[in-house]
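Participant: There's a structure below that I have some questions on.
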Amino acid sequence: MSIARFWRETPRRYNLGGCRCPTCQTVYFPPRSVCPVCVNHRRSIGRMEPFQLSGEGEVVTFTLVHEAAEGFEMQVPYVMAIVRAKEGPQLTAAVVDIDPADVKIGLKVRATFRKLREEGRAGVIHYGYKFAPMDATHHPPDRPAGGTRLPATTATTTTVGSEARA
């Protein structure tokens, strides 16, 4: 993705800014210029209202990534999930600040803004949204919920339960 395109998309990346149809009240993320739900699509053209998502939602489905894409090799294993925002839209993002074994369908999460990657020799850093558990008891054994690494001797582990997955 070009740097220019990345910056054009800043409002939705950093603010979870979507839109809402004034006729049927359906919320979209990312924003759209027309509502595909309404019977008469033409009525929504140019009338879509900006809408701020709360960032709260729940995991609908997820996968554990062991073979990372280029640039993400140091993060494996990591969880990619589809999260249904409480306003309705579904977003795809990584789930962070939790042991991958503790992620399950229905997990309540909240958007958090983190570094996504660095680009090129200049080291331009791209930030975007990921999701973290709303319950502070879910975090990796060696990291507190805020993401700062603790020495292994001071770490505590909370087990919430396990779920069998096929």
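The values are calculated or read from the model by the stated rules, or taken from the named source; none is laboratory data. Model, not experiment: these values are computed from the prediction. Virtual Cβ from ideal backbone geometry, glycine too; neighbours counted across all protein chains shown.
Participant: Exactly one condition in (1) in contact with a Phe, Trp or Tyr (Cβ under 8 Å, 6 or more places away or on another chain); (2) more than 16 Å from Phe29 (Cβ to Cβ) is false for Val109; which is it?
Facilitator: Condition not satisfied by Val109: (2).
Participant: When the residues of the range 7-29 are filtered to those that are assigned to a helix (DSSP H, G or I) and more than 20 Å from Gly55 (Cα to Cα), which remaining residue is modelled with the highest pLDDT?
Facilitator: Arg8
Participant: Would you mention how many residues in the range 62-84 are in contact (Cβ under 8 Å) with a residue 12 or more places away in the chain, part of a loop (DSSP other than H, G, I, E, B) and touching a Pro at 6+ places or on another chain (Cβ under 9 Å)?
Facilitator: 1
Participant: Then there is this: Looking at the range 102-116, I want the residues that are assigned by TED's automatic domain parsing to the domain that holds Tyr129 and have a partner that is among the acidic types (Asp, Glu) and in a loop (DSSP other than H, G, I, E, B) with Cβ atoms under 7 Å, at least 6 apart or on another chain. Which pairs are those?
Facilitator: Filtered contacts from the range 102-116: Lys104/Glu163; Lys108/Asp135.
Participant: Pick from the range 14-47 the residues that are in contact with a Lys or Arg (Cβ under 8 Å, 6 or more places away or on another chain) and closer than 18 Å to Ile82 by Cα: which of them is surrounded by the fewest Cβ atoms within 10 Å (Cβ to Cβ)?
Facilitator: Only one residue fits best here, namely Pro30.
Participant: Across the range 64-96, what is the number of residues that are among the β-branched types (Val, Ile, Thr) and touching a His at 6+ places or on another chain (Cβ under 8 Å)?
Facilitator: Of the residues in that region, 1 qualify.
Participant: Which condition number in (1) assigned to a strand (DSSP E or B); (2) of a type outside the set (Lys, Arg); (3) more than 30 Å from Cys35 (Cα to Cα) is the one that Val59 fails?
Facilitator: Answer for Val59: the failing condition is (3).
Participant: Which residue pairs have Cβ atoms closer than 6 Å, lie 6 or more positions apart in sequence or on different chains, and pair a first residue in the range 128-143 that is under 9 Å from Ile98 (Cβ atoms) with a second residue that is modelled with pLDDT under 80?
Facilitator: Final answer for the pair search is His139/Ala145.
Participant: In the range 95-145, which residue that is farther than 20 Å from Gly55 by Cβ and among the small types (Gly, Ala, Ser) is modelled with the highest pLDDT?
Facilitator: Only one residue tops the list, namely Ala101.
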